[in-house]
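Colleague: Take a look at the following structure, please.
The values are calculated or read from the model by the stated rules, or taken from the named source; none is laboratory data. Keep in mind the model is a prediction, meaning the values are calculated, not measured. A quick note on method: Cβ atoms are made from the backbone with ideal geometry, for glycine too, and the neighbour counts reach across all protein chains shown. Side chains are part of the model used for accessible areas, which takes the heavy atoms of the whole protein and leaves out ligands, DNA and RNA. Shrake-Rupley method; radii C 1.70, N 1.55, O 1.52, S 1.80 Å.
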Amino acid sequence: MTAIAPPPELLAALARMAIAVPAGTLGQQLTGGVSSDIWRIDLPDGAICVKRALGRLKVAADWRAPIGRNRYEAEWMRVAAAAVPGSVPRLLGQDEEAGALAMAYLPPETYPLWKTQLRDGLADSSFAARVGQRVARVHAATSVDSSIPNRFPTDEIFYDIRLAPYLLATAAKHPDRAAALHALVATTQANKRCLVHGDISPKNILAGPNGPVFLDAECAWWGDPAFDLAFCLNHLLLKCLWTPAATQGFLACYTALAAAYRAEITWEPPESLEARAARLLPGLLLARVDGKSPVEYITTEPPRAIVRRTARALLADPLDRLQDVRHAWEAELNR
Ligand SMILES: Nc1ncnc2c1ncn2[C@@H]1O[C@H](COP(=O)(O)OP(=O)(O)OP(=O)(O)O)[C@@H](O)[C@H]1O
Ligand SMILES: [Mg+2]
């Protein structure tokens, strides 16, 4: 990709962040993001990454979200950096006016995207365990920090960009599971215990030399930590349909992540959290086929049918153990 001059509004945002950008500086727009414009800007001291939130997401369905969410993303980065050093790119500044933040640029040669590795069948369960451990450590640290609820008044954003488009949109397509899906929304909203990232997906995790680095916290929310755990485990189940040859590896990642997470739970009985995650997981699974944001790599009916059969059965007869959810999924895969 050829380097070009960054747009003036991005340069204005950097100026307000007091980040010096010499005249003639070039950059590249990065691909991958649907909810923001992401630029790599080549400064004399090295590259930085600038992310500016869009009011309207680049997805097929009309999906809008306030650009103020960028501020909470920066705030989540501050909290995570303090709780687990090295778990986020270094934050360089945030500008409310443009809804933009600047951070260190982490090159893909050294920090490959976990999603790319999984697509290629590279399923490292020790890395998955570190993902579970780091997510849980942010949850644990924030569960005892009384400043967090006031710093993240994001109930409405979380509802608009997570609960409604995933669970409620899916309920509209599955009227016979609507009550179960609505109940999951209510439970998730009622368990305000930790700072939730809200988008713990392999596409938002870099596999760095010192462990996982988390990006894209624009759904950050003071709420139910089970959401992060279930959301990430859901992606590992779905990867079995993308790269079937690595199914056993993905399932090993699932088990390792869940176990490592569970070992760090300090704020409530681990079995309570696990039961909420195990019940939420089928709702999220179905949402990635029939919700407003379906995964792009499931494009034919047979794998969709596997998702629907598993998820609909579990929504009707919930399980409380994540291992049992895994076994139900495996049984459907092998049918
Ligand atoms: N600090 C960074 N260094 C290097 N690459 C980055 C950095 N931040 C983001 N990227 C790249 O840009 C991609 C999109 O970033 P991000 O997920 O934050 O944007 P987004 O628009 O919110 O994405 P989406 O909503 O599609 O998940 C990432 O998957 C990653 O490849
Ligand atoms: Mg992202």
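Colleague: Would you calculate the separation in nanometres between label points at residue 173 and residue 305, each defined as 7 Å from the Cα along the Cα-to-beta-carbon direction?
Modeller: In this crude spin-label approximation the distance works out to 1.7 nm.
Colleague: I'm a student and want to see the number: the projected area of the Cα convex hull of region 8-104, averaged over all directions, in nm².
Modeller: So the Cα hull casts an average projection of 6.7 nm².
Colleague: Could you give the angle, 0 to 90 degrees to the nearest 10, between helix 178-190's Cα long axis and the longest principal axis of the Cα atoms of the chain?
Modeller: That helix lies at roughly 50 degrees to the long axis.
Colleague: Nothing charged except the Cβ atoms of Lys and Arg (+1) and of Asp and Glu (-1): what's the magnitude of the dipole of the chain about its Cα centre? Round to the nearest 20 debye. List each step's numbers first, then the result.
Modeller: Working: 36 positive and 35 negative charges, 89 e Å.
Value, rounded to 20: 420 debye.
Colleague: Need one value: the accessible area of residue 115 in square angstrom, 1.4 angstrom probe, rounded to the nearest 10.
Modeller: Roughly 40 Å² of residue 115 is accessible to a 1.4 Å probe.
Colleague: Just to confirm the number: angle between the C-alpha axis of helix 247-263 and the first principal axis of the chain, 0 to 90 degrees, nearest 10?
Modeller: Roughly 80 degrees between the two axes.
Colleague: Taking R0 as 35 Å, what's the FRET efficiency between residue 331 and residue 144 from their Cβ-Cβ distance, rounded to 0.05? Walk me through the intermediate numbers first.
Modeller: Values: r = 40 Å, r/R0 = 1.13.
Efficiency, rounded to the nearest 0.05: 0.30.
Colleague: Starting from region 234-335, pick out the GluC sites (Glu not before Pro) whose DSSP state is loop and whose Cβ has at most 14 other Cβ atoms within 10 Å.
Modeller: Here the sparse-neighbourhood loop sites are 296.
Colleague: Keeping the other protein chains in place, figure out the carbon and sulfur percent of the accessible area of region 114-333, with a 1.4 Å probe.
Modeller: Carbon and sulfur: 53 percent of the exposed surface of region 114-333.
Colleague: Something else now. Give me the distance between the Cα centres of region 200-245 and region 317-335, rounded to whole Å.
Modeller: Between the Cα centres of region 200-245 and region 317-335 lies a distance of 20 Å.
Colleague: Just how much of residue 31 is accessible, in Å², when a 1.4 Å probe is used and the result is rounded to the nearest 10?
Modeller: Near enough 120 Å² of accessible area.
Colleague: So which trypsin sites (Lys or Arg not before Pro) in region 1-89 pass both tests, a DSSP loop state and at most 16 other Cβ atoms within 10 Å of the Cβ?
Modeller: On the way: sites: 16, 40, 51, 52, 56, 58, 64, 69, 71, 78; in loops: 58.
Those that pass, being in a loop and sparsely packed, are 58.
Colleague: Relative to the longest principal Cα axis of the chain, at what angle does helix 301-316 sit, 0 to 90 degrees, rounded to 10?
Modeller: Helix 301-316 and the main axis of the chain meet at about 70 degrees.
Colleague: For residue 9 and residue 268, compute 0.36 nm times the residue count separating them, minus their Cα-Cα distance, and round to one decimal in nm.
Modeller: Working it through step by step, the gained length comes to 88.7 nm.
Colleague: With N set to the residue count of the chain, report its C-alpha Rg divided by 2.2 N^0.38 Å to two decimal places.
Modeller: After normalising by residue count via 2.2 N^0.38 Å, the value is 0.97.
Colleague: Each residue of region 127-132 in order: what ³J(HN,Hα) in whole Hz does its phi give by Karplus 6.51 cos²θ - 1.76 cosθ + 1.60, θ = phi - 60°, with x for Gly and Pro?
Modeller: Values, residue by residue: 5, 4, 4, 5, 4, x Hz.
Colleague: Oh, and also: Looking only at region 10-46, which residues have a backbone nitrogen under 17 Å from a spot 7 Å from the Cα of residue 110 in the C-beta direction?
Modeller: Within reach of a label on residue 110, which here means backbone N under 17 Å from a point 7 Å along Cα→Cβ, region 10-46 contributes 40-46.
Colleague: Roughly how many Å² of residue 43 are accessible to a 1.4 Å probe, to the nearest 10?
Modeller: Approximately 30 Å² of residue 43 is accessible to the 1.4 Å probe.
Colleague: In nm, what is the difference between 0.36 nm times the number of residues separating residue 313 and residue 159 and their Cα-Cα distance?
Modeller: In short, 52.9 nm is gained.
Colleague: Go ahead and estimate [θ] at 222 nm for the chain from helices alone: -39,500 (n - 2.57) per DSSP H run with n ≥ 4, summed, over the residue count, rounded to 500. Let's see the in-between values first.
Modeller: Numbers: 13 runs with 158 residues, N = 335.
Result for the chain: -14500 deg cm²/dmol, rounded to the nearest 500.
Colleague: Computed FRET efficiency, Cβ-Cβ of residue 2 and residue 245, R0 41 Å: what is it to the nearest 0.05?
Modeller: With R0 = 41 Å, the Cβ-Cβ based efficiency is 0.70.
Colleague: Still on this structure, please answer the following. On a 24 Å Cα-Cα criterion, which of the cross-link pairs 173/203; 203/292; 239/292 come out too long? Walk me through the intermediate numbers first.
Modeller: Details: 173/203 26 Å; 203/292 18 Å; 239/292 19 Å.
173/203, as the Cα separations exceed 24 Å there.
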